[in-house]
1. Can you tell me which of L295, L374, L409 moves the most in a GNM of the chain? Springs connect C-alpha atoms under 10 Å apart.
2. Sequence-distant or interchain residues sharing an amide H contact under 5 Å with D389, placed H: which?
3. So in the chain, what percent of DSSP beta bridges are antiparallel if you round to the nearest 5?
4. Leaving ligands, DNA and RNA out of it, report the carbon-plus-sulfur percent of the accessible area of the chain at a 1.4 Å probe.
5. Largest first and in whole Å, give the semi-axes of the range 1-92's equivalent ellipsoid, each being the square root of 5 times a Cα gyration tensor eigenvalue.
6. When the Cα atoms of the range 86-157 are enclosed in a convex hull and the volume is divided per residue, what value in Å³ results?
7. Just to confirm the number: angle between the C-alpha axis of helix 129-143 and the first principal axis of the chain, 0 to 90 degrees, nearest 10?
8. Under 5 Å between amide H atoms, partner at least 5 residues away or on a different chain: which partners does A116 have, H built in plane at 1.01 Å?
Amino acid sequence: MPIFENHVLESRRKRAAGVFGDDPPTVLFSSGKPVQIPGGQDQTYPFVPYPEYYWLTGSRRWGGVLAFDPQDGWTHFVRPVSPNERLWEGGGEEVEGEDVAGLQSWLEQRPGRPVAVIGAAVDNVKNDDQRAKALQVSIDGVRRRKDAAEIALIERAAAATAAGHARAREAIRPGVSERRIRVEMEAEMFRQGADGVAFDTIVGAGTHAAVLHFEPGARTVKPDDLVLIDAGAAIAGYAADVTRTYPAGDRFTPRQQAIYDLVLAAQLEAVSTCRRDVEWHEVHRAAARVIALGLCDLGILKGEPDEVLESGAVSLFLPHGVGHMVGLGVRDVGGRAAGREVSVYCGIRMRLDLPLEEGFLMTVEPGVYFVPALLDDSERRERYAGMVDWDALEPWRPVGGVRIEDNVLITAAEPRILTSEIPK
Ligand code: GLY
Ligand code: MN
Ligand code: MN
C-alpha cells in the first residue's frame, strides 16, 4: 500500500508547480543518500529522505530524484532494487519510475536551462544557488499547511504517543530508572503502531528535568522528584511531539505544584492564542506573560511584569521558544516572514517568526526551569540583578523544571489539539 494515494501526490505537485514562477528552471527534488557511520564499514545511519522529495513522491527510498520540466511536467527517477539489496534488506519498497541512471541524459536533452536542486546535491549537476534558495522559500510556504493525508498520519502518531504516555505514567514510581521509563514509553508506542520514534525520548527526573533535552540514564526516581517526559511516535516519517511532567508518587510537592500550575496556565493561554493570522511571536509572548506574572506572584521575579517580560528576565526561566512546526519530522519547515532577519522576543531568539495560517501544526510547549547554567551565569546575574530575588529563588531549584507540550492544528476557528487525549 503506498503511503500517499496518487491524487494526494498530484495535488501536492500542482501546488508546488504553482509557486515555480513564470519562467521556471528545471527543478530537481532529490532524496539524498545514507550517511556512513564513522568506522562502521558498510553501516549507515537510518536514512531519512529530504522532506520535499518524500512529500512529493511518497517514497522514502534513497537515491531518487523527482524532476520537473516546465514543458514536460514531472518525471520520477528511482534507484532500482538490486539483487544484493534483496539479499540483505529484502528489497524494500518498489517504487514506480524511470531508472535514475537516465537522469543525466534527461538533463542533457534540456541544455542551457538553469537547474535548481531542492534537497541533496545531485552528482554532476550544477545547481543555480540563487534560484534554488528562492524556490526553497516558496516550497516551504506550500508545505507548511498540512493536508488531510498528513493530518491522518500525525493523528495515528499522536494516538501511539498517547498510549506511550499512559504506559509511562503507570511505570513512574520511586525507585524506577529514567531508562526504564523510556523503554516502557517506547515499547508501548511501537505496540500501538509506531514504526519509529520521532526523536530521542527525553526522560528527566528531579533536577534532570532542567536539562531541556535530557538523555535518560540509570538514575532512579526519588519520592519527591517530578519526572519530565518528552517523546513522540513516528509513523511513515510523520511525528507527534508531546511533553508531560508527572509526580513520582501520587502528587506534586507544593513547590512543584505551584510551578506546574503556572506552566499549565501559560500553556492553555498560549494554545487559545493559536488562531489564524496571529503572529507566532505573540503566542510566545502570551505564554511568557503568564509565566512572568506568576513568577512575580511567587516572589522569584520582581518589578514591573511588563519590564520583566520585555527585558528578557523571564527567559532565565523560559529559555526557549514556545514551540515549533511539527509533522513531517519533529522539526517541520520553520522560517520567517519576508524581510525579518533576527527575531528576539522576551529575551528569546525565535527560530520561527510568521503569522499562523490554517493548516499549520504547531507544538505549544512552554516550560519553567531552574537551570544552574543560566541562574549562576555572572553576566546574566548582573543584567537581571534588580529583577530576580536571588535569595527567594534558592529553595525552588530542586524542582528542576516543568514543560507541557501539545500539538495544535490551526483551523478557521478554534485551535484543534491533536494530542488532547493525553491528560495534563
Ligand atoms: N522534543 C523536542 C522538543 O520538544 O522540541
Ligand atoms: Mn518535545
Ligand atoms: Mn517540541
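The values are calculated or read from the model by the stated rules, or taken from the named source; none is laboratory data. Because the structure is a prediction, the values reported are computed rather than measured. All accessible areas refer to the heavy atoms of the entire protein, side chains included, with ligands and DNA or RNA removed. Shrake-Rupley method; radii C 1.70, N 1.55, O 1.52, S 1.80 Å.
1. Answer for the Gaussian network model of the chain: L374.
2. Amide H to amide H, under 5 Å and 5 or more residues apart or across chains, D389 pairs with L301, K302.
3. The antiparallel fraction comes to roughly 80 percent.
4. 50 percent
5. 29, 15, 12
6. Per residue, the Cα convex hull of the range 86-157 comes to 170 Å³.
7. Approximately 60 degrees, to the nearest ten.
8. For A116, the qualifying residues are T26, V27, L28, D128.
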